[in-house]
Amino acid sequence: MTGMPAIRLADVRKNFGATEIIRGVSLDVAGGERHAIIGPNGAGKTTLFNLISGRFPITAGSIELRGQRIDALPPQRINRLGLSRSFQITSIFPRLTVFENLRCALLWSRGYRYSFWHLLPRARALNEATEALLRDLNLAERHDLPAGLLSYAEQRALEIGMTVAGGASVILLDEPTAGMSHSETEYAVALIRRVTEGKTLLMVEHDMRVVFDLADTITVLVYGRVIASGPPSAIRADRAVQEAYLGAMAA
Amino acid sequence: MTRRSAIIWLTLLAVAIVLPWLFYDFAHHRPAGFVISMLSQMGMMIILALSYNMLLGQAGLFSLCHATFFGFGGYSTIHFLNAAGAGELPVPTELMPLLAGLSGLGLAIVFGAMATKQRATAFAMITLGIGELVATAALMFHHFFGGEGGVSTDRMIDQSLFGLSYASGIQVYYLIVGWTFVAALLMWLQTMTPLGRMANACRDNFERAQFMGYDPRIVRFLQFCLAGFFAGIGGGLYAITYEIVTFDAVAAPLSANALLMAYIGGNMVFVGPVLGAVLITLLQSGVSLMSNSWLIYVGVLFIAMVTFAPAGITGIIMAHGPVWRAGRLSRLILPYLRLVVPGIATVAGFVGMVELLSFLTIGAAAGKHLVLFGSPIDANTAAPWAIAIVLLVVGTVWLRFEARYFARVWESVAGSVEARA
Ligand SMILES: Nc1ncnc2c1ncn2[C@@H]1O[C@H](COP(=O)(O)OP(=O)(O)O)[C@@H](O)[C@H]1O
Ligand SMILES: [Mg+2]
């Protein structure tokens, strides 16, 4: 099975009404790779995530997860195949405690499904795994706090935790460090590195230090099209990228 | 289950068992019939309210047809009892509520499949339609529903696990206690299951649940079915108690009552609906004896709760928890005391107005005499009207003033508690 990409997009297009937002994106993400997508605001990065994770149907093209077509599947089915995503705008369960948020994220992968005959307080292994993840996220002290009351950076950490909790092998993170201070970003990067160890990571990121620090491969998306894709050194040297994007950032 | 919750559950059970004997009727050497029937009613309403809250509070589903499943369980039980009485159904009385629950479940599977495809407003609309549909059917299809007169039975089917005849109200009451205990306990345990927790999760953010492997529709559907099952049990007890089930048991006012009880008691805490059911039943049994207008009072109470205490009575109590733990509760005593007099004035003025009006329209024609707060009153003189209006106006203005003072103190106390935490 070597050589088969974790994610393969072939000429994916997406229209909202008459406007074409994703205009023929083809992209391979190799298994185990850390792949960053960069591009200006409104380029369609989040939309691309929404298409891959099944939030919106695609207009044309195809999306494969480890060789299996997923572009007509609902989000929960794609998730069960081992793809999990985070949200640019934090998406948690605000009235549930931090612990419950994480435990919910673990439930399906641990085989509990829609059970109404298991008592969660007695699910030892599940609770221990949740506690371990909570410690890993440095949220152990927030155990019983309603998640809606966490600080912004803590909510972002929880968001990442909920994304990786189910043990998916392909992780999509949408701007995980956006709005964070310098030290918070450093902490988040270390966290991401740790929890995505051995997994395929596809992330949207604006902070160039993070991108060049974390990513094995970078794809530049501008106006719904891929204008460049390759290792960081090549992207840094790419004239088109500099003009379209990096240059604009530096200016 | 922890030791603490076991103690609470067993205490409540003990209270329910002992309660009728505290109202002993010495003339007839048995607990007072009035109290038994009120407590029996409470049991059924507790099941109705708790099962409703599986939707409203736990799943964020605003159902307007919960009585449908309660009533259907009731109608079915009448037929089960009749069949048993005719020797065609060898099921003891004690297990009839289980059959009622299964009937409720069956209907909930059918209607749940339609309603739970949607959520939020669309869900509410569909359940409104379902409620009306079944209520209409209850008047149209006589074989099952008996039309306007309903269907009736004799609960003494002579089939009992414990050799009981269920001739007396107290025996039926203990059957209700048993089933209310079991149903409430199961509903409580259900909140701790994966389904129960994911119902909470989908209530908070159904979309995120999808990206964790769950189909929110299936969560809603299963939750709806279980709620229908428990509502059916309540309806079964209703049928056994009254031996007749009519249109009222499936009609919209009972669905509204379920909502009222869950909301007034508080839908964010498990015991909230229990409190609501007890309170509303007390109002129903107590106030309805004293006044024709009791529904108006319940309605006003509901509006007041929605406006000022959306988390219900349990929500109000819970809000005091942190203040109490911080030892600051004493600072609230004065503000509370200052609410008492204007509060009483407002309520008295309002009750006076309602009673005077209702007396003029209904009571006088029936040749009754108006008695308000213990004294006879002539509604055709100006004085009682003037007093009621003055009480209402002055009370309201004064109450608003005191409420502002209360809010200021509350903010400062709650603020200081938060700062310490
Ligand atoms: N659900 C939607 N309906 C209509 N237009 C949308 C929707 N989602 C995104 N868009 C549009 O698609 C474009 C790309 O948005 P987005 O993918 O969020 O960009 P990025 O994440 O790269 O900043 C924007 O112009 C945005 O307005
Ligand atoms: Mg975006």
Using label points projected 7 Å from each Cα along Cα→Cβ, tell me how many nm separate A:N15 and A:E243, to one decimal.
-> 3.0
With just the Cα atoms of the protein assembly as shown, tell me how far they stretch along each of the three principal axes, in Å, largest first.
-> 99, 66, 53
Per residue of A:110-119, other chain Cβ atoms within 10 Å number on average 6
Separation of the B:I296 and B:F308 label points, Cα + 7 Å toward Cβ, nm = 1.9
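Percent relative contact order of chain B, based on C-alpha pairs within less than 8 angstrom and at least six residues apart? Please list the in-between numbers first.
Values: 619 pairs, mean separation 90.9, N = 421.
Worked out over chain B, it gives 22 percent.
Can you compute the charge dipole magnitude of the stretch A:1-145 about its Cα centre, using +1 on each Lys and Arg Cβ and -1 on each Asp and Glu Cβ, nothing else charged? Give it in debye, rounded to the nearest 20. Working shown, then result.
Working: 20 positive and 12 negative charges, 65 e Å.
Computed about the Cα centre, the dipole is about 320 debye.
Provide the gained length on full extension for the span B:L161 to B:F373, in nm with one decimal, where the gain is 0.36 nm per separating residue minus the Cα-Cα distance.
Details: separation 212, 0.36 × 212 = 76.32 nm, distance 4.91 nm.
Answer, rounded to one decimal: 71.4 nm.
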Return the residues of the stretch A:55-82 for which accessible area with all protein chains present is lower than in the chain on its own by 20 Å² or more; set the probe to 1.4 Å and exclude ligands, DNA and RNA.
-> A:R55, A:P75, A:Q76, A:N79
Determine the residues within the stretch A:136-181 where the difference in accessible area between the chain on its own and the full set of protein chains amounts to at least 20 Å²; count protein heavy atoms only and use a 1.4 Å probe.
-> A:M162
Using 0.36 nm per residue, how much length does the chain from A:D144 to A:D216 gain when fully extended, once their Cα-Cα distance is taken away?
-> 22.2 nm
Please work out the C-alpha center-to-center distance from the stretch B:321-355 to the stretch B:264-290 and express it in whole Å.
-> 20
Highest first, please rank the peptides A:42-52, B:382-392, B:108-118 by the mean number of other Cβ atoms sitting within 10 Å of their residues.
-> A:42-52, B:108-118, B:382-392
For chain B, with a Gaussian network of springs between Cα atoms less than 10 Å apart, report the residue from B:G106, B:G163, B:G33 with the top mean-square fluctuation.
-> B:G163
Reachable lysines from A:K14, criterion Cα separation under 18 angstrom, eight or more residues apart if same chain | A:K45
For chain A, the percent of accessible surface on carbon and sulfur atoms (probe 1.4 angstrom, ligands and nucleic acids excluded) is 52
Could you work out which residue, out of A:D144, A:D207, A:D216, moves most in a Gaussian network model of chain A, that is, has the largest mean-square fluctuation with Cα springs under 10 Å?
-> A:D144
Suppose every K and R has +1 on its Cβ and every D and E has -1 on its Cβ; what is the size of the dipole of the stretch A:80-224 about the Cα centre, in Debye to the nearest 20?
-> 720
Give the interface area between chains B and A as buried accessible surface, both sides summed, probe 1.4 Å, in Å² to the nearest 100.
-> 2800
Let me know the shape class of the stretch B:320-420, please: from the alpha-carbon gyration tensor, a ≥ b ≥ c as square roots of the eigenvalues, rounded when a/c is under 1.5, otherwise prolate if a/b is greater than b/c, or oblate.
-> prolate
Let me have the 222 nm mean residue ellipticity of chain B computed from DSSP H runs of 4+ only, each contributing -39500 (n - 2.57), with the sum over all residues rounded to the nearest 500.
-> -24000 deg cm²/dmol
Å² of accessible area per residue within the protein assembly as shown, as computed with a 1.4 Å probe and no ligands counted | 45
So how far, in whole Å, is the C-alpha centre of the stretch B:357-421 from the one of the stretch B:100-148?
-> 40
The stretch A:11-157, relative contact order in percent, only Cα pairs under 8 angstrom and at least six apart counted = 19
Name the residue, out of B:L301, B:L64, B:L161, whose mean-square fluctuation peaks in a Gaussian network model built on chain B with Cα pairs under 10 Å.
-> B:L161
Heavy atoms only, probe 1.4 Å: what % of the accessible area of chain B goes to carbon and sulfur, would you let me know?
-> 71
Near the amide H of A:V204, under 5 Å away, which other amide H atoms are found, from residues 5 or more places off or on another chain, if H is placed in the peptide plane?
-> A:I37, A:L173, A:D174, A:E175
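Lys and Arg at +1, Asp and Glu at -1: add these up for the other residues within a Cβ distance under 12 Å of A:F93 and post the number. Please report the intermediate quantities before stating the final value.
On the way: positive: A:R95, A:R103, B:R197, B:R203, B:R208; negative: A:E100, A:E159, B:D204, B:E207.
Spelling it out: positives minus negatives among the neighbours equals +1.
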Relative contact order of the stretch B:239-328, pairs being alpha-carbon contacts under 8 Å that are 6 or more residues apart, as % | 27
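Nearest-5 percent of antiparallel DSSP beta bridges in the protein assembly as shown?
On the way: 28 of 44 bridges.
Counting only bridges with both partners in the protein assembly as shown, antiparallel ones make up about 65 percent.
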Please get the size of the charge dipole for the protein assembly as shown, origin at its Cα centre, with Cβ charges of +1 on Lys and Arg and -1 on Asp and Glu, quoted in debye to the nearest 20.
-> 1000
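When Cβ neighbours within 10 Å are restricted to other protein chains, what is their mean count per residue of peptide B:185-198? Before the final figure, lay out the partial values.
Numbers: counts 0, 1, 0, 0, 4, 3, 2, 7, 9, 17, 8, 4, 8, 9.
Mean inter-chain Cβ contacts per residue within 10 Å come to 5.
Based on the mean of other Cβ atoms within 10 Å per residue, sort peptides A:232-241, B:170-179 so the most packed one is first. Mind dumping the intermediate values first?
Numbers: A:232-241: 14.8, B:170-179: 21.0.
Sorting A:232-241, B:170-179 by mean packing, highest first, produces B:170-179, A:232-241.
Quick one: Kirkwood hydrodynamic radius for chain B, alpha-carbon pairs, angstrom, one decimal? Mind dumping the intermediate values first?
Values: mean 1/r = 0.0424 Å⁻¹.
When all Cα pairs of chain B are included, the Kirkwood radius is 23.6 Å.
The values are calculated or read from the model by the stated rules, or taken from the named source; none is laboratory data. Small disclaimer: the values here were computed from a predicted structure and weren't measured. When we count neighbours, we look across all protein chains shown, and the Cβ atoms used for this are built from the backbone with ideal geometry, even at glycine. Accessible surface is based on the protein model in full, side chains and every heavy atom, while ligands, DNA and RNA are left aside. Shrake-Rupley method; radii C 1.70, N 1.55, O 1.52, S 1.80 Å.
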